[in-house]
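Worksheet: the structure to be examined is printed underneath.
What follows is calculated from the coordinates using simple rules that are stated; it is not laboratory data. Note that this is a predicted model, so its numbers are computed, not measured. Here the Cβ is made from the backbone with ideal geometry for all residues, glycine too, and neighbour counts use every protein chain on show.
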Amino acid sequence: MKKTLSVVVSCYNEELALDRFYEETASILKKLNWKYELIFVNDGSQDQTLSVLTRLSESDDRVKVISFSRNFGHEAAMIAGLDYSQGDGIVCMDADLQHPPEYLTEIVKKLEEGYDVINMVRTRNESAGWFKNFASSAFYRLINVLSDVKFEPNASDFFAVSGKAAKVLKENYREKVRFLRGYVQNIGYPRTTIEYEARTRVAGESKYSIKKLIAFSVNTIMCFSNLPLKLGIYAGCGAGILGIVMMIYTIWSWARVGTPSGYATIIVLMCFMFAVLFLIVGIIGNYIAILFAELKDRPIYIVEETKNIH
Ligand code: UDP
Ligand code: MG
């Protein structure tokens with residue numbers, strides 16, 4: 001019996017990109033020796049995304065649509081796609097054709113070879129600009145230092161998992177503050193990478209602002225590492241050493257000049273100490289916020305309607 005490939009596509013205000021995405025992707029999927037389903041997740045778009053998807057689903061019953069009641073974010077959309085997927089292999093990709101569908105052929109080949117996780121690694125991302133590229137590589141370097149989970153540098157939200165790996169992800173990784181890419185690294189199983197060149201977005205604009213990316217990076221680091229929590233210990237040791245040095249210096253200058261060191265020193269020290277203190281309080285605060293989100297146990301997403309899902 002033929003195997004099935006589930007392609008999960010998260011869409012937020014992608015009305016301009018979807019028709020081209022569907023045409024290109026479907027034409028490649030048809031050539032594969034697998035059956036397929038295209039699962040589009042409408043992440044609370046305010047434009048005509050849902051009506052475009054509805055039209056596509058009416059003409060092709062392999063197009064399935066899950067529509068959220070509001071915008072829950074890319075991560076929630078991907079997990080919803082995984083939840084509804086029924087394939088022997090699942091691929092997550094963006095709707096803007098930055099993840100070139102021609103790689104689906106290679107992905108299927110790797111799945112047939114028995115790999116459970118296929119990381120798609122970007123070799124080039126022209127459209128992102130130097131700052132995003134620099135920030136992205138700095139982020140991966142930092143998280144690999146801080147966390148025991150090893151991240152593939154330049155990994156993207158373009159990846160594939162076997163049905164078995166998808167089941168593990170669906171059942172066990174229901175965290176509220178999410179980073180699917182991290183869980184994919186965390187589950188183990190035979191894995192491989194495929195390099196790809198990211199294309200430029202076909203239409204519309206990026207939905208990830210720098211502010212969103214920073215917040216996302218901070219949360220991700222905290223979800224995959226407890227090291228920042230221990231920063232207080234290091235900061236305390238550092239401040240202690242600094243205090244001893246300052247004490248020696250004060251006694252020395254007092255003995256030599258006869259006056260204790262001045263007001264400026266106190267201000268400098270106070271500013272330094274408070275900065276360290278507030279930083280640590282902030283870090284602890286953010287961990288508490290993550291814990292709070294877990295404790296509240298609110299849904300990761302709410303589905304308002306579906307098409308072609310039985
Ligand atoms: N996306 C989403 N929900 C959001 C933001 C983005 O589903 O709240 C989708 C978006 O439609 C796209 C993918 O996530 O298919 C990646 O977003 P985008 O292309 O804007 O990010 P970039 O490629 O610029 O990092
Ligand atoms: Mg994009």
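Reported to the nearest whole Å, the Cα centre-to-centre distance from the stretch 235-310 to the stretch 63-117 is 40. Temperature 20 °C, viscosity 1.002 mPa s: under these conditions the Stokes-Einstein estimate for the stretch 30-81, based on its Kirkwood radius over C-alpha pairs, is 181 µm² per second.
With the convex hull constructed from alpha-carbon coordinates only, the stretch 8-133 shows a mean projected area of 8.3 nm² over all directions. For the stretch 161-261, applying the loop criterion from DSSP together with a ceiling of 15 other beta carbons within 10 Å to the GluC sites (Glu not before Pro) yields Glu205. When the Cα positions of Leu18, Val52, Met120 are compared along the charge dipole of the stretch 1-127, Met120 comes out farthest toward the positive end, with charges on each C-beta of Lys, Arg, Asp and Glu. Against the empirical 2.2 N^0.38 Å (N residues), the stretch 85-221 has a Cα radius of gyration ratio of 1.04. For the stretch 164-225, the orientation-averaged shadow of the C-alpha convex hull comes to 6.2 nm² (one quarter of the hull surface).
Over all Cα atoms in the chain, the spread is summed up by Rg and Dmax: 24.6, 92 Å.
Shown for Cys271, Cys223, Cys11: other C-beta atoms within 10 Å of each C-beta, ranked fewest to most, produce the order Cys271, Cys223, Cys11. As a proxy for reagent exposure, Arg141, Arg62 were ordered by neighbouring Cβ count within 10 angstrom, fewest first; the result is Arg141, Arg62. Taking the square roots of five times each eigenvalue of the Cα gyration tensor of the stretch 227-296, the equivalent ellipsoid has semi-axes of 37, 12, 5 Å, listed largest first. Normalising the average separation of contacting C-alpha pairs (under 8 angstrom, six or more residues apart) by the number of residues puts the relative contact order of the chain at 23 percent.
Counting neighbouring beta carbons within 10 Å and listing from fewest to most, the residues Val177, Val7 come out as Val177, Val7.
So if R0 is 35 Å, what FRET efficiency would Glu205 and Thr306 give, r being the distance between their Cβ atoms, rounded to the nearest 0.05?
Values: r = 28 Å, r/R0 = 0.79.
That pair, Glu205 with Thr306, gives E of 0.80.
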